[in-house]
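Working notes for the structure below.
The values are calculated or read from the model by the stated rules, or taken from the named source; none is laboratory data. Because the structure is predicted, anything quoted here is derived from the model rather than measured. Here the Cβ positions follow ideal geometry from the backbone for every residue, glycine too, while neighbour counts run over all protein chains shown. Areas reflect the complete protein model, heavy atoms only, side chains present, ligands, DNA and RNA absent. Shrake-Rupley method; radii C 1.70, N 1.55, O 1.52, S 1.80 Å.
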Amino acid sequence: MIHLTDVFVEYDNGVRALNGLNLSVDKGEFAFVVGSTGSGKSTFLRLLYREVAPSEGSVVVNGEDVANMKPADVPYLRRKLGIVFQDFKLLPQKNLWENLAFALRVIGASPRDIRRRIGDALALVGLTHRCDSFPHQMSGGEQQRAAIARALVNNPTLLIADEPTGNLDPDTSWEIMQLLDQINIRGATVLVATHDSQIVDRMKKRVIQLDSGYLIRDENKGTYQQIES
Ligand code: ADP
Ligand code: MG
């Protein structure tokens, strides 16, 4: 599903955010990406949805060479991905239903298809009763559920979440992570960048650790901190 080979990313200001990353993620996996602030987690995720292009190396997502993708093809790549951020990025002037419908109208879905897909996504995240609410009327946890529902309406094969619980309290964070786990069980590959050591330790999933743009650990059923043996 994801193959990175000798990937370097250098930003315009000369910062090397990734240094020779080699990494694969299989279809159906759930993996955490951990590491301190500035270690390159967001840059790694941005490569996958082509927000950033590598300076060197190859990035393949869903069998497509993302590194050399034409700009015109990027929207098609993103339609197959679900992307979730720390700050939710919901449209403040639109209610929940409209936030989801907007994403679907952009791709030309029929009204009937829009109703069905939104209904399914809201049911999955448990927000059917909130479809008329505006973002500011919802709690942080509800807003993140809404953002996850929006990420799901296109039925993505890969869900990418960058610090999705960074603004949430521990109980709500755990609920959101359980939701991402369910989405994984239903078949999507899920990648989550996080600082939340308690959640990582509790979930016992694959842990990919970056440090200054280097891959320093890749462990199945890992913990947030490497356990010294
Ligand atoms: P993380 O998500 O782990 O905090 P990032 O991928 O955001 O790490 O950042 C990795 C490095 O790249 C940091 O040194 C950061 O300052 C730098 N960086 C991130 N985004 C940009 C950008 N758009 N322009 C220049 N440097 C950036
Ligand atoms: Mg980041």
In the range 24-52, which residues are of a type outside the set (F, W, Y) and away from ligand 1 (no atom under 12 Å from the Cβ)?
-> S24, V25, D26, K27, G28, E29, A31, L48, R50
Residue check, N184 more than 16 Å from ligand 1 (Cβ to nearest atom), in contact (Cβ under 8 Å) with a residue 60 or more places away in the chain and open to solvent by 10 Å² or more (accessible area, probe 1.4 Å) = yes
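Suppose the filter is among the small types (G, A, S), more than 20 Å from P164 (Cβ to Cβ) and surrounded by 18 or more Cβ atoms within 10 Å (Cβ to Cβ); does A101 pass it? Full working, then the answer.
On the way: among the small types (G, A, S): yes; more than 20 Å from P164 (Cβ to Cβ): yes; surrounded by 18 or more Cβ atoms within 10 Å (Cβ to Cβ): yes.
It is true that A101 is among the small types (G, A, S), more than 20 Å from P164 (Cβ to Cβ) and surrounded by 18 or more Cβ atoms within 10 Å (Cβ to Cβ).
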Out of the residues in the range 160-189 that are within 17 Å of V125 (Cα to Cα) and among the acidic types (D, E), state the one that is nearest to the chain's Cα centre (by Cα).
-> D181
Matching option when the condition is within 23 Å of G126 (Cα to Cα) and within 16 Å of ligand 1 (Cβ to nearest atom), among V192, V207 = V192
Counting only residues that are open to solvent by 60 Å² or more (accessible area, probe 1.4 Å) and within 16 Å of ligand 2 (Cβ to nearest atom), give me the strands (runs of 3 or more DSSP E) lying completely in the range 1-62 with at least 1 of them.
-> 16-25
